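One structure is given below, encoded as structure tokens.
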Amino acid sequence: MNSFFERRYVIAGIFIILILTLLARLFYIQIIDKRYLLYAQDNVLRRVYQNPARGPILDRNGKILVQNQPFYDIMVIPKQVKPFDTLEFCKLLGIDKAEFDKRFQKAIKYSPNLSSVFEKQLTPQLYAAFQERLSEFPGFFSSTRYLRTYPDSVAAQFLGYIGEVTDRDIKRSGGYYHPGDFIGVTGVERSYEDVLRGRRGVQNLLVDSRNRPKGSYANGAYDTAAVAGERLISSLDLRIQKLGEKLMHNKVGSIVAIEPSTGEILCYVSSPTYDPNLMVGHDRGNNAAALYKDPYKPFFIRPIQAYYPPGSSFKPLSALIGLQQGIITPETSYDCHGVYWAGNHPVPCFHHEAHGVVNLSGAVAESCNGYFSMVFQRVMDQKGVKNIEPVYNTWRDEVAKFGLGSRLGLDMPSEGRGNLPKSTVYDKMYKGPNWRSSTIVSLAIGQGELEATPLQMANIECVIANHGYYYKPHLIKSIGDKEVIKQDYKEKHEVGIDSQYFEPVIDGMQRVVESGTAASSKIPGIIMCGKTGTAQVHGEDNSVFVAFAPRENPKIAIAVVVENSGQGATWAAPIASFIVEKYLKDSISVRPSGITPEYFMNANRLPDLGNYGEKLKAKPVPKDTLNKMGIDTSDKHETKSASNRKKNKPVQDKELAALTKQEEDE
């Protein structure tokens, strides 16, 4: 009897435990675990991602540099695809059955349950014809995206371009990006990707057993609207940007112009350039491949990646250090006989021209190599010829304060450092501390191992224009309706030179334009202070000119480099003068010298390809970068990992093209 009752309680307890277990499991499935809900919803719900329009980019005066135009992608969810007329589908899209199978397998590999791009960038005309029959192809649907369009076809290296995301981009984004999405690859598009891309929207649609939409799920309660990207107001002035690109047509080089009082970049020309519209649409892969093969490397961003000897444009900086250290005064004179002897090393003036007795301002105006070589040697030898290394390191530190030898922090990827050699470089070159001031005297006139980017050259002019400080150069003035500038761009960066020492240097720079080497580029009614440079390189010299204007309350500082074109006064100075006048007066007057913009626009100064093609030969570009450009890498391109390249190797115009450097910076 007792045994019966005991068994009854045991059996009842087992049933109670089973019931509680089942109830707990049901509670977990229905309340806690969302998987089964999602599985059920996947049978009746389709999540349609709504891609936002990228933010437009405008110039400083509100003129559009880049905007959007809609296009259409055909998306596919492999699991929802049912049998249909494949041949008719292929006919509508203009593809064959083999291509259909290849794309469909790729979609399955990505995910059978998630949508991915099957056919991209349909024109409105083709999409209209396809849309009428879209319901015949279950599992396929359309998605609106936006392509960039460039009304004036300028500032390609400044704006950059967008490309399809790679697997690495998707992984890095934590799932934000999906196959077929676009991302900024270069330029401003890349630097400000987070604000330009906007926020993707999601629309939840109810679908029937044939995958046909039947309206919004829960009346759209769970939908999110797409939010367009923010508008960017750039610091660029479209007027002088267009003029600069015309003046540099059929030339290799760069123009960088900066507003000294803010650090805002006004003009950013890299030549040769390309039409940014070529990097949009179905033909972008072919266009990119052709541009990449161009021996003059239009993808190379010369304002920040090309390294040039600054030449005589460096002389004012050299003089300022001598003044600050008390080695010279404005009245210090030198009797120039056409050649200066640094030990047994001759430093001739241009064409061995004898300038006679010159003081500081006169030496700047006449660009006397002997004067600045003399100043440099006095600086280096002030503690004795054998104690040059600590003195040189001090001199190098003072030069570095002007922004040479390091990145200026531009809001743009792939900025170069230039080359400001350390003393250890000379120890290695001369097998120990066996070098003297005469060994490195070429640095005094901006030659030797010294190299700068055009951006750095223009920044030095900002320092001189401001009498001792600069604001870090930047390209964006505001985001949306708010002026959003990094705090670092608002801070003055002092260079450690007393303001009193700038006047004699500026006097000489004014004389350069008024009556010196750049007199033919004098602008009626505007006092421009400048310095010509004829930088020695392999082949014909580079033509260099730096300047700021007007002298009082300067509004623009500029650096122009025209490769392999001889004297700075011949090509770079006139081009700079046209840019300066256009910016200050919005017109270009008749010059007493007779020079005209049209002459420089039509002139061809492209270096001979016999030597230049080898000098600019690019290293292989990584596949991810080529894929973003739309270039097929399946069997046509061999690439090398950026991690296998030497770190911190300078980006020299004669060695690297832009895309390699962009990949290294990633």
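The table that follows gives values for the structure above.
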| quantity | calculated |
| --- | --- |
| Candidate set: region 407-445, residues that are among the small types (Gly, Ala, Ser) and within 26 Å of the chain's Cα centre (by Cα); chosen: the one farthest from GLU193 (Cα to Cα) | GLY418 |
| Total residues in region 312-339, condition assigned to a loop (DSSP other than H, G, I, E, B) and of a type in the set (A, V, I, L, M, F, W, C) | 2 |
| Counted residues, region 418-451 - those being outside any helix (DSSP H, G or I), closer than 20 Å to PRO309 by Cβ and of a type outside the set (Val, Ile, Thr) | 14 |
| Region 95-105: number of residues that are charged (D, E, K, R) and surrounded by 15 or more Cβ atoms within 10 Å (Cβ to Cβ) | 1 |
| Candidates ARG239, ARG190, ARG231, ARG172 - the one that is touching a strand residue (DSSP E or B) at 6+ places or on another chain (Cβ under 6 Å) and of a type in the set (Lys, Arg) | ARG190 |
| Residue match in region 76-83 (condition: within 30 Å of GLY229 (Cβ to Cβ), in contact with a Phe, Trp or Tyr (Cβ under 9 Å, 6 or more places away or on another chain) and free of Cβ contacts under 8 Å to residues at least 60 places away in the same chain) | no |
| Which listed residue, of GLY496, GLY516, GLY533, GLY539, is more than 30 Å from GLU193 (Cα to Cα), modelled with pLDDT of 90 or more and not acidic (Asp, Glu) | GLY496 |
| Residue count for region 370-391, restricted to those that are farther than 15 Å from GLN324 by Cβ and either surrounded by fewer than 17 Cβ atoms within 10 Å (Cβ to Cβ) or small (Gly, Ala, Ser) (or both) | 9 |
| Long-range neighbours under 9 Å by Cβ, at least six apart or interchain, first residue outside the structural domain of LEU450 (by TED's automatic domain parsing) and surrounded by fewer than 22 Cβ atoms within 10 Å (Cβ to Cβ) within region 392-415, second among the aliphatic types (A, V, I, L, M) and at pLDDT 95 or above | none |
| Qualifying residue in region 70-79 (condition: at pLDDT 90 or above and exposed (fewer than 13 other Cβ atoms within 10 Å of the Cβ)) | no |
| Among (1) under 21 Å from the mean Cα position of the chain (by Cα); (2) modelled with pLDDT of 95 or more; (3) among the polar types (S, T, N, Q) - the single one SER478 does not satisfy | (2) |
| Region 419-451, subset of a type in the set (Lys, Arg) and surrounded by fewer than 19 Cβ atoms within 10 Å (Cβ to Cβ), residue nearest to MET380 (Cα to Cα) | LYS422 |
| Residue list for region 492-530, restricted to those being under 27 Å from the mean Cα position of the chain (by Cα) and of a type in the set (D, E, K, R) | LYS492, GLU494 |
| Top-ranked residue in region 424-447 [being touching a residue at least 12 places away in the same chain (Cβ under 8 Å) and among the small types (Gly, Ala, Ser); ranked as nearest to GLY322 (Cα to Cα)] | ALA444 |
| Given (1) at pLDDT 90 or above; (2) within 30 Å of GLU230 (Cα to Cα); (3) crowded, with 16+ Cβ neighbours inside 10 Å, number of the condition LYS522 does not satisfy | (2) |
| Count - residues of region 489-515 that are part of a loop (DSSP other than H, G, I, E, B) and buried (at least 20 other Cβ atoms within 10 Å of the Cβ) | 2 |
| Hits in region 46-69 - residues which are more than 24 Å from GLU164 (Cβ to Cβ) and crowded, with 17+ Cβ neighbours inside 10 Å | LEU58, ASP59, ARG60 |
| Residue satisfying all of: in region 452-469; part of a helix (DSSP H, G or I) and small (Gly, Ala, Ser); surrounded by the most Cβ atoms within 10 Å (Cβ to Cβ) among these | ALA458 |
| Members of region 85-94 found to be surrounded by 13 or more Cβ atoms within 10 Å (Cβ to Cβ) and farther than 18 Å from SER116 by Cα, listed by number | THR86, LEU92 |
| Selection from region 262-291 of residues that are farther than 22 Å from LYS63 by Cβ and at pLDDT 95 or above | PRO272 |
| Complete set of residues in region 368-404 that are part of a helix (DSSP H, G or I) and acidic (Asp, Glu) | GLU389, ASP397, GLU398 |
| Unmet criterion (only one of (1) under 17 Å from ARG60 (Cα atoms); (2) at pLDDT 95 or above) for ARG231 | (2) |
| Whichever residue in region 106-118 is within 14 Å of GLN80 (Cα to Cα) and either of a type in the set (S, T, N, Q) or loosely packed, with under 12 Cβ neighbours inside 10 Å (or both) and, among such residues, is farthest from the chain's Cα centre (by Cα) | ASN113 |
| Selection from region 109-135 of residues that are closer than 19 Å to TYR49 by Cβ and either assigned to a helix (DSSP H, G or I) or not assigned by TED's automatic domain parsing to the domain that holds PHE182 (or both) | TYR110, TYR127, GLN131, LEU134 |
| Count of residues meeting criterion [surrounded by fewer than 23 Cβ atoms within 10 Å (Cβ to Cβ), acidic (Asp, Glu) and closer than 18 Å to ASP59 by Cα] in region 148-192 | 1 |
| Residue in region 283-302 that is over 30 Å from THR123 (Cβ atoms), assigned to a helix (DSSP H, G or I) and in contact (Cβ under 8 Å) with a residue 12 or more places away in the chain present | yes |
| Single match in GLY338, GLY322, GLY311 (criterion: small (Gly, Ala, Ser) and surrounded by fewer than 22 Cβ atoms within 10 Å (Cβ to Cβ)) | GLY338 |
| Members of region 350-365 that are out of contact with any His (no Cβ under 6 Å at 6 or more places or on another chain) and not in a helix (DSSP H, G or I) | GLU353, HIS355, GLY356, VAL357, VAL358, ASN359 |
| Residue in region 470-485 that is surrounded by fewer than 24 Cβ atoms within 10 Å (Cβ to Cβ), more than 22 Å from PHE158 (Cα to Cα) and touching a residue at least 12 places away in the same chain (Cβ under 8 Å) present | no |
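Every residue, every condition in (1) in contact with a strand residue (DSSP E or B) (Cβ under 9 Å, 6 or more places away or on another chain); (2) under 21 Å from VAL202 (Cβ atoms); (3) among the polar types (S, T, N, Q), yes or no:
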{"position": "ARG103", "(1), (2), (3)": "yes, no, no"}
{"position": "GLN121", "(1), (2), (3)": "yes, no, yes"}
{"position": "ILE162", "(1), (2), (3)": "yes, no, no"}
{"position": "VAL165", "(1), (2), (3)": "yes, yes, no"}
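The values are calculated or read from the model by the stated rules, or taken from the named source; none is laboratory data. Since this is a predicted model, take the numbers as computed values, not measurements. Please note: Cβ atoms are built from the backbone with ideal geometry, for glycine as well, and neighbour counts cover all protein chains shown.
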